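Below is one structure, written out as structure tokens, with a few remarks after it.
Read-outs throughout are calculated quantities, based only on the coordinates presented, and are distinct from any laboratory measurement. Please read these numbers as outputs of a predicted model, since none were measured by experiment. Because the Cβ atoms are built from the backbone with ideal geometry, glycine has one as well, and the counts that use them run over all protein chains shown.
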Amino acid sequence: MSVPGPGPRDGAGTRPWTVFRGYTVGSEAVLFLMLPAMLLACLGVLPRDLAAGADSPLLLTLLLAQSLASATAAVLVTLQWTDGPPSAPGRWSLPEVRVLAGTRWSLVAICVPVALGIAVVATRHPALGDEVLMVLVASAIAVQLLRLPLPVSIIGSLVLGAVAALLGVGPVAVSFGTGVLVGMIVTGRSSLWLAALVRELDEARGVQAHLAVAEERLRFARDLHDVAGRDLSAIVVKAELASRLAERADPRAAAQGQEVAQIARSTLAEMRALVRGYHGADLATELRGTVSLLRSAGIAVDVEGDPADVPAETAPVAAWVLREAGTNVLRHGRPLNVRIALAERSIVVVNDGAGPGPAPEHGSGLQGLAARLGPEGSLRTRQDEGRYLLEARLAPVPPLSPTAAGGPAVPAPSSLADAVTSVAPASASASEETP
């Protein structure tokens with residue numbers, strides 16, 4: 001069966017924010033690269049008109065320089081914004097793109113072509129028309145308007161259009177030019193807002209994955225407490241009673257000490273069963289839980305095989321392998337796809353969130369997992385081309401017998417009250433003999 005996770009899948013280990021960051025920077029560059037030519041077209045000046053003049057190389061060079069400078073400045077401003085802290089929440093708890101910080105090089109980039117144009121005008125060069133100079137100035141100002149909040153940017157664009165009208169530009173050219181400028185600014189700011197939203201969602205997925213790991217740790221801690229807490233309380237009560245009887249040279253102290261040892265052996269057996277995954281480990285339940293955890297982290301999961309294919313004697317071990325593999329995926333990788341394959345004597349988990357290079361050495365978790373598989377089982381890992389494979393070969397493991405824990409196991413009291421009741425007569429006898 002296939003359980004698709006939410007979110008795009010663009011490559012091994014690539015997160016949505018990484019992809020959308022590149023898209024945002026590229027879109028801003030394209031917008032401002034085209035802006036000078038579009039403004040010039042709004043003024044009724046086409047490239048063939050510029051090429052017809054005697055000094056057309058100068059005009060075309062200035063326009064090309066302004067296009068590249070505006071695109072470069074927009075890229076620098078956008079990169080500085082994407083490398084900074086996430087946008088703070090605003091209205092409706094959505095991220096709000098506020099004033100973008102400028103850079104020294106972005107200001108230098110947009111000012112150089114304008115300075116060259118003004119220098120040409122100052123020398124009364126006949127080839128430079130008023131339209132070209134206005135386009136150079138408007139393109140430089142547009143990059144600064146991108147840094148401002150959207151309402152301020154729109155007002156600034158309208159003011160720029162009004163200034164052009166006062167300088168004698170026709171109403172049609174002013175209308176088209178102002179519309180193009182407003183459209184560019186709105187598109188650029190909208191791209192930034194959408195990028196901020198994608199960034200917030202991507203970080204929320206990371207937090208959700210960490211919470212899932214923490215929840216798994218808490219669940220294991222609760223299981224450990226349920227197994228050991230009751231028995232340890234009984235051991236404390238019986239050990240105190242044995243100590244008190246020993247002080248009075250009561251022969252019943254030895255019997256109480258033996259009961260303490262037997263309860264300790266039983267507790268040790270249950271703890272071993274818990275760590276090995278025998279304590280309530282169900283493969284179908286672990287599979288559903290692992291798929292749910294991975295989906296909550298935005299990972300697509302593909303499951304091959306069925307839990308019923310795994311024999312009952314190896315299903316608990318397979319459940320623990322699946323639990324450990326799923327936890328490691330969330331803790332150590334950032335995959336977009338995970339494949340889980342279940343077979344009669346094996347379980348394979350593959351994810352595409354591995355980094356470059358060979359597979360790291362087995363940590364304590366994988367070493368413990370290999371120990372749980374036993375001498376007849378095996379654990380193999382491989383890392384290649386951004387994919388990490390974990391394959392466990394299962395072997396039938398007999399149920400844990402009481403003698404394997406170090407001696408005959410005595411059922412522990414079902415509650416602390418039962419433990420106190422079982423030792424109450426001896427406690428009373430001890431108190432009667434107390435002078």
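Tabulated data for the structure shown
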| read-out | value |
| --- | --- |
| Burial ordering of I235, I185, I299, fewest other beta-carbon atoms within 10 Å first | I235, I185, I299 |
| Net +/- balance of residues flanking R147 in space, Cβ distance below 13 Å, scoring K and R +1, D and E -1 | +1 |
| ³J(HN,Hα) computed for each position of the range 178-195 - Karplus, 6.51 cos²θ - 1.76 cosθ + 1.60, integer Hz, glycine/proline x | 5, x, 5, 5, 5, x, 4, 5, 5, 5, x, 5, 5, 4, 5, 5, 5, 5 |
| Segment E247-H332, extension gain: residue separation times 0.36 nm, minus the distance between their alpha carbons | 25.1 nm |
| Sequence-distant residues sharing a close amide H with E313 (under 5 Å, placed H) | none |
| Exposure proxy ranking, count of Cβ atoms within 10 Å, fewest first, for H225, H332 | H225, H332 |
| Calculated from backbone phi, Karplus (6.51, -1.76, 1.60) coupling profile of the range 65-76 in Hz, x at Gly/Pro | 5, 5, 4, 5, 5, 5, 5, 5, 5, 5, 5, 5 |
| In Hz, Karplus ³J(HN,Hα) per residue of the range 235-244 (6.51, -1.76, 1.60; θ = phi - 60°; x = Gly, Pro) | 4, 4, 4, 5, 5, 5, 5, 4, 5, 5 |
| Gyration tensor (alpha-carbon) shape descriptor, the range 179-330, a/c threshold 1.5 | oblate |
| Inter-probe distance in nm under a simple model that places probes 7 Å from Cα toward Cβ, at A312 and D384 | 3.9 nm |
| Gain in span if fully extended, L68 to E215, counting 0.36 nm per residue against the direct Cα distance | 47.8 nm |
| Sorted peptide list for 132-142, 374-384, 339-349, criterion being average Cβ within 10 angstrom, highest first | 132-142, 339-349, 374-384 |
